[in-house]
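Structure first, then comments.
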Amino acid sequence: MNVAIIAAAGRGERMGGNRPKQFLLLAGTPIIFHTLRPFEQCASIQEIIVVLPAEESAGFLSEAHRIGLANLVRVVPGGETRAESVSRALLTISPTTAEIVAVHDGVRPFVKPDEITRAVEAAKVSGGALLVAPMTDTVKEVSGAEVVRTLDRKSLRRALTPQCFRYDILRRAYEGADLHDPALTDDSFLVEQIGINVTAIEGSARNIKITTPEDLVAAEALLQEKGL
Ligand code: C5P
């Protein structure tokens, strides 16, 4: 069986305000429920683990049930970093039944079920796969205020989620990892470090991560475009 881990235990400091960003409303519904929908609809996913701040867990499942989104869901309390949150969810998965684990940011509500399926299927072949999008800006490497060099945009991609891996590979990648390393911003990085070739799958640039108040404005516009 294939399991999705939705990392939604962040405190959303960059958004400002009191409420973590995954609980802010998008068209009247908390972002995290928009994110759950494509996973509930995806035939490639049989279980969804939502990682939440401990104090947000109470009431989450009943609210998810109320809007018809809790069929496959269970909740796990998160950690201090994203990596710690993912690791905690990973430890609750049964090794005997898990095939692919799809790790996704709780604040990326615009992923499509077919994108999830393409990443899951690619991970079955190569062991690991993630969605990527092209760079539209030119990227500079800097040191302080000084430009060191200009990177070749053609060979660069933005790493999106979901990032999907064979369960045994992801467990191995997380074993011994420093879960508090600030450089550890995605799961693929850990898997690359144990020598697995991770497949990059072209995904949609609409699969944005809602991090700042400007992203929330962009997300409202994307939702209206979708006609929701
Ligand atoms: O901080 P960042 O934007 O990289 O967070 C990406 C995702 O990881 C968010 O959905 C956030 O809720 C989640 N996260 C988590 N546990 C943490 C920190 C972040 O699940 N301790």
Please report how far the C-alpha centroid of the stretch 34-112 lies from that of the stretch 178-228, rounded to the nearest whole angstrom.
16 Å
Residue ranges of DSSP H helices in the chain that stretch 18 Å or more (Cα, own long axis) and have mean Kyte-Doolittle hydropathy of at least -1.0 are 113-126, 213-226
Give the carbon-plus-sulfur fraction of the accessible surface of the chain in %, rounded to a whole number; probe 1.4 Å, heavy atoms of protein chains only.
51 percent
Could you name the aspartates and glutamates in cross-link range of LYS154, using Cα to Cα under 15 Å and dropping any fewer than eight places away on the same chain?
ASP137, GLU202
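Hey, got a sec? Which GluC sites (Glu not before Pro) in the stretch 161-228 land in a DSSP loop and have at most 12 other Cβ atoms within 10 Å? Please list the in-between numbers first.
Values: sites: GLU175, GLU192, GLU202, GLU214, GLU220, GLU225; in loops: GLU175.
Those satisfying the criteria are GLU175.
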Between the DSSP loop rule and a limit of at most 16 other Cβ atoms within 10 Å, which GluC sites (Glu not before Pro) in the stretch 5-111 are left?
GLU80, GLU99
Could you work out the Rg to Rh ratio of the chain, with Rh taken as the Kirkwood radius (inverse of the mean 1/r over all Cα pairs)?
0.95
At 1.4 Å probe size, with every protein chain present, just tell me what the per residue accessible area of the chain comes to in Å².
49 Å²
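Relative contact order of the stretch 8-143, please, whole-number percent, based on alpha carbon pairs below 8 angstrom and at least 6 residues apart.
That works out to 27 percent.
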So for LEU223, LEU61, what's the accessible-area order with a 1.4 Å probe, most first?
LEU61, LEU223
Name the residue from LEU72, ALA133, ILE49 whose Cα lies farthest towards the positive end of the charge dipole of the stretch 47-181, charges +1 on Cβ of Lys and Arg and -1 on Cβ of Asp and Glu.
ALA133
Each residue of the stretch 69-74 in turn: what ³J(HN,Hα) in whole Hz from Karplus with 6.51, -1.76, 1.60 and θ = phi - 60°, glycine and Pro shown as x?
10, 10, 3, 10, 8, 9
Taking a probe of 1.4 angstrom, what is the accessible area of VAL217 in Å², to the nearest 10?
100 Å²
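The values are calculated or read from the model by the stated rules, or taken from the named source; none is laboratory data. The shown structure was predicted, so the numbers you read here are calculated from the model rather than taken from an experiment. Every residue, glycine as well, gets a Cβ built from its backbone with ideal geometry; the counts of neighbours run over all protein chains shown. Quick note on the areas: whole protein, heavy atoms, side chains included, nothing else; ligands and nucleic acids left out. Shrake-Rupley method; radii C 1.70, N 1.55, O 1.52, S 1.80 Å.
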